[in-house]
1. Could you give log10 I(q)/I(0) at q = 0.10 Å⁻¹ for segment 25-166, computed by the Debye formula over C-alpha point scatterers of equal weight, without solvent?
2. Excluding same-chain residues fewer than 8 positions from Lys120, which aspartates and glutamates have a Cα within less than 17 Å of its Cα?
3. If you split all Cα-Cα distances of segment 85-164 into 5 Å bins from zero, what percentages do you get per bin, shortest first?
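All of the numbers you see were taken from the coordinates with simple rules; none came from a lab. The model shown is predicted, which means the values in this text are computed figures rather than measured ones.
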Amino acid sequence: MRDLVRLGLRSATLAALVAFAALTPAHAAPPAPASCLALQSGANATLGAASTVALGPVSYPGQADAPGCTVTFTGTGKVFGTSFQAVAAKLDAMMQGRGWAPDNNAAADGPTGTAMGYRKGEAAVAVSVNYATPKGVCSPDAPVASCQPTAAQMRYAITLGLTPAA
C-alpha cells in the first residue's frame, strides 16, 4: 500500500510538472521591438489584414543584411485586391505619412510585383508586394503581363523588413 501511495504522489508530481512544462515555452522568442510592432500595427490598419512579425536578418538593397524584423502578409486578391500597384500605393502613403523618405535606389518593378525602400535617419524599411498564381492559370508561353488571374487566383506575399537604427 505504501508503494502505491508513493507511486501516486510521484505520478501526481510528474503530471503537474508535465502540465507546467507545456505552459512554459522552452525557448521563448524575444519580444519584438516597439519599432517593429508600430510598423506592423500601421501596416495592418493600412491593408485591413493581419500579419505576422519575425525577428531576424533583413535584406536592404545596397547594404549587408542587418538584424531587424520582418512583417509578413499572405492572402489572395480577395483580401488585397487585384492590383499589386494599389497595395503598394497604400503602403507608400502609410510610410511617407509616418515620416519615412522614399529611397529610389531600393525601388524595382516587375509584371507581378514591386519593391520600395524607405529611410528615416539610420533606419531603413524594404517593402515588397508580389503575387503568384497557381500552376496552369497563366500560359507559360505568353508574357506574364498578359495573364488575367481572378482575385482568388492571386496569391500575395507582402513584406516590410525593418532594420532599426543602431
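1. -0.36
2. Within the straight-line limit of under 17 Å, Lys120 reaches these aspartates and glutamates: Asp92, Asp103.
3. Answer for segment 85-164: a P(r) of 3, 14, 24, 21, 13, 10, 9, 5, 2, 0 percent.
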